[in-house]
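The values are calculated or read from the model by the stated rules, or taken from the named source; none is laboratory data. A quick note: this is a predicted structure, and the numbers were derived from the prediction, not measured. Because the Cβ atoms are built from the backbone with ideal geometry, glycine has one as well, and the counts that use them run over all protein chains shown. Remember, those area values only see protein heavy atoms, side chains included, never the ligands or the DNA or RNA. Shrake-Rupley method; radii C 1.70, N 1.55, O 1.52, S 1.80 Å.
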Amino acid sequence: MLSDQQRAVAALKALKLGPMAARLEQWAEDPASAGRSHADCILALVDAQTQATATKRAQRFLAQADLPLHITLADIQPSAARGLPTQLLANLATGDWIQRGHILLITGETQVGKTYVAAALAREASLQRRSVSYRRTPELLAECAMEKKRGTWPAFLKKLGRTELLVLDDFALERADSQQSHALREILDLRRRHGSAVLIASPNAPEDWDGLFDDATAAEAIFGRVLERSQRITLGRPTR
């Protein structure tokens, strides 16, 4: 005959409350639990299930963001000398700028860590259970062209607009033709209307974007959307 503990564990597993079941087994095997109250046991079970649920949600948000692998905020070494002071990085890590719908613009030469910083901040946002979409801009523009060709552009644009943080890596890396320029303008316009945050990482400063967008009207709108509510970080190479 099953003991009360075994029946309780089986019932929790049947209810798909595996973390609670595992914690109950641990509780029963721990001699230190003998003198503790039933309320303490219940709290321990609830805490185990809550933590497991939070971890599962964080993993789901990370998977949806499609971020580069093995990049974390803890691996970044802040430095005022390279344009990323400790306090600035700490402030960005809170995600308040995302909540306010700001634009974070990270520029700098190649191989100074722009993508790493952008991906790390995006990962931190995902761990805070914010919806994130991480995109390389050239690949996104190619996808935009396909969506327009299929007639699914409005739905695709709406999906991008629902994301709390849109990361545009390698922005203004390649020349955008007229159609691509208009697609970028529409994306940035939509996010502006919704008050949604954008993180842009570009090898070129905005002052050097002239000539990178074929449509002058769209280019002017893009410059305006990016610069009117953006915080700029210019990364330099790490000092040795």
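What longest range of the chain stays clear of loop-exposed GluC sites (Glu not before Pro) (DSSP non-H/G/I/E/B, at most 16 other C-beta within 10 angstrom)? The answer is 1-108. Of the solvent-accessible surface of the chain, computed with a 1.4 Å probe over protein heavy atoms with every protein chain present, carbon and sulfur atoms account for 52 percent. For Lys149, no aspartates and glutamates have a Cα falling under 13 Å of its own Cα, not counting residues fewer than eight places away in the same chain.
Annotation: amide H of Leu104 within the under-5 Å range of Val198, Leu199, Ile200, Gln231, sequence separation 5 or more or interchain, hydrogens built in the peptide plane. Given the options Gly161, Gly195, Gly35, which has the most mean-square fluctuation in a GNM of the chain, springs set between C-alpha atoms less than 10 angstrom apart? The residue with the greatest mean-square fluctuation here is Gly35.
With θ taken as phi - 60° and the Karplus curve 6.51 cos²θ - 1.76 cosθ + 1.60 applied, the whole-hertz 3J(HN,Hα) list for region 219-234 is 4, 4, 5, 4, 4, x, 5, 6, 8, 6, 9, 10, 9, 9, 10, 10 Hz, x standing for glycine and proline. Computed with a 1.4 Å probe over protein heavy atoms only, the accessible surface of the chain comes to 56 Å² per residue.
Residues in region 166-181 carry Karplus couplings, in order, of 10, 9, 10, 8, 6, 6, 6, 8, 10, 5, 9, 6, 4, 5, 5, 4 Hz; the curve used is 6.51 cos²θ - 1.76 cosθ + 1.60 with θ = phi - 60°, and Gly or Pro positions show x.
Of Thr107, Thr152, Thr163, the residue with the greatest mean-square motion in the GNM of the chain, using alpha carbon springs below 10 Å, is Thr152.
Candidates Pro203, Ser131, Leu17 compared by Cα position along the dipole of the chain: farthest toward the positive end lies Leu17, with charges placed on Cβ. Taking only Cα atoms and a 10 Å spring cutoff, compute GNM fluctuations for the chain and point out the largest among Ser33, Ser131, Ser196. Its mean-square fluctuation being the largest, the pick is Ser33. The sum of -39500 (n - 2.57) across all DSSP H runs of n ≥ 4, divided by the residue count of the chain, sets its helix-only mean residue ellipticity at 222 nm to -17500 deg cm²/dmol.
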